[in-house]
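Here the structure comes first, spelled out in structure tokens, and everything after it is commentary.
The values are calculated or read from the model by the stated rules, or taken from the named source; none is laboratory data. Computed from a predicted model, the values in this text were never measured in an experiment. Methodologically, a virtual Cβ is constructed for each residue, glycine included, from the backbone with ideal geometry; neighbour enumeration extends over all protein chains shown. These area figures cover heavy atoms from the full protein model, side chains too; ligands, DNA and RNA do not enter into them. Shrake-Rupley method; radii C 1.70, N 1.55, O 1.52, S 1.80 Å.
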Amino acid sequence: MPKTYNDLYFQIRNELKDAGIEAYSQEARILLAAASSKDKAELMRDMNLYTSKELEEKVMGFLERRLSGEPLAYVAGAWEFYGLPMIVSPAVLIPRMDTEVLVDAALSYARLRSRRLRILDLCCGSGCIACAVASRLADVGVIAADISQPALEICRKNISLNKLSSKVVPVCFDATDWPSQRTGGFDMILSNPPYIPTAELQTLDSSVRNYEPMTALDGGEDGLDFYRAIIKHWTITLRPNGLMIFEVAEEQAAAVKQMLLDAEFVSVDSRFDTLGIERVVIGQWKNEF
């Protein structure tokens, strides 16, 4: 007998609950919406309609992947960041709420400027930071840069999905090397680089360790390799009064602040996340606003 969307929802919900998944109701809706290519509103509208055998098999496949430990975002193929839909795959990290603190900081400084801004998002991954910033600023040009071609392909899809092609351009840059002379200058450099110390990678939760790209997590012996490289190589692209804004791991803020001060940034500040962790470090180049 054919099942309705409501029947499938409760079946998925109960299996997730029995498996000990805390947000079982929300995850059931996300899996069913993803399998049926519907948004939340469309799914709620169609809950009493009958589904097909093909859809039932597809969503059961999604459920099996989720129950095996695969992150929900990768199973669904999409996640939300700063109110925007973002396509994700194992080629990129799953966007996290912590990173919204970086976007908030960038926007608060950007709104103090009266002219068109040029912004670089280094180690852009999915492009979530670049897209979020571009979506909230009327007059901006954003370069979304990564060394990973698979990541840049996801980034391109997200730029298109969010209709930001006129504001965001994806490019292949190596954050650990010198920029080309053709790169030009930037008012802001934003980066959520790899920052997990190499020795700690194997201690990460299995949902991260077994699925998310290690190259996007491995920050070297002390987790700070990318901060050193970006400050060393990319400061020359900052315009007067330009900002370098980093996301950092817990207990890394002091070290990154000192790196910026040693590189002669004239003002260094930070922002805290909702758990009170010093999550974002901001360095201002040369003169005050």
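Selection within segment 59-84: residues that are in contact with a Ser or Thr (Cβ under 8 Å, 6 or more places away or on another chain) and assigned to a helix (DSSP H, G or I). The member of this set that is nearest to residue 127 (Cα to Cα) is 74.
The residue that is most open to solvent (accessible area, probe 1.4 Å), among those in segment 95-105 that are under 21 Å from residue 154 (Cβ atoms) and in a helix (DSSP H, G or I), is 97.
Put simply, of 174, 139 the only residue that is modelled with pLDDT of 95 or more and among the acidic types (Asp, Glu) is 174. Pairing each residue of segment 189-212 that is in contact (Cβ under 8 Å) with a residue 40 or more places away in the chain and on the phi < 0 side of the Ramachandran plot with any residue that is of a type in the set (Phe, Trp, Tyr) and open to solvent by less than 30 Å² (accessible area, probe 1.4 Å), provided the two are 6+ apart or on different chains, yields C-beta distances under 7 Å for 189/234; 191/246; 193/227; 211/74. Could you tell me which residue of segment 156-195 is most open to solvent (accessible area, probe 1.4 Å), considering only residues that are in a strand (DSSP E or B) and either of a type in the set (Asp, Glu) or in contact with a Cys (Cβ under 7 Å, 6 or more places away or on another chain) (or both)? For segment 156-195, the residue satisfying everything is 170.
When the residues of segment 74-93 are filtered to those that are under 12 Å from the mean Cα position of the chain (by Cα) and open to solvent by less than 20 Å² (accessible area, probe 1.4 Å), which remaining residue is farthest from residue 153 (Cα to Cα)? For segment 74-93, the residue satisfying everything is 81. With the condition being open to solvent by 50 Å² or more (accessible area, probe 1.4 Å) and among the hydrophobic types (A, V, I, L, M, F, W, C), I'd like the strands (runs of 3 or more DSSP E) fully within segment 204-289 carrying at least 1 qualifying residues. In segment 204-289, 267-272 are the strands (runs of 3 or more DSSP E) which contain 1 or more residues that are open to solvent by 50 Å² or more (accessible area, probe 1.4 Å) and among the hydrophobic types (A, V, I, L, M, F, W, C).
Can you find, within segment 110-135, the residue that is modelled with the lowest pLDDT among those that are small (Gly, Ala, Ser) and open to solvent by 40 Å² or more (accessible area, probe 1.4 Å)?
Going through the qualifying residues, I end up with 114.
The set of residues in segment 1-53 being in contact with a helix residue (DSSP H, G or I) (Cβ under 7 Å, 6 or more places away or on another chain), of a type in the set (Lys, Arg) and loosely packed, with under 14 Cβ neighbours inside 10 Å consists of 40 alone.
Scan segment 255-288 for residues that are in contact (Cβ under 8 Å) with a residue 12 or more places away in the chain and either charged (D, E, K, R) or at positive phi (or both) and the total you get is 8.
Being more than 16 Å from residue 247 (Cα to Cα) and either surrounded by fewer than 21 Cβ atoms within 10 Å (Cβ to Cβ) or touching a residue at least 60 places away in the same chain (Cβ under 8 Å) (or both) is a property that holds for residue 138.
Taking the criterion of being touching a residue at least 24 places away in the same chain (Cβ under 8 Å) and surrounded by 20 or more Cβ atoms within 10 Å (Cβ to Cβ), the residues of segment 58-73 that qualify are 59, 62, 63, 66, 72.
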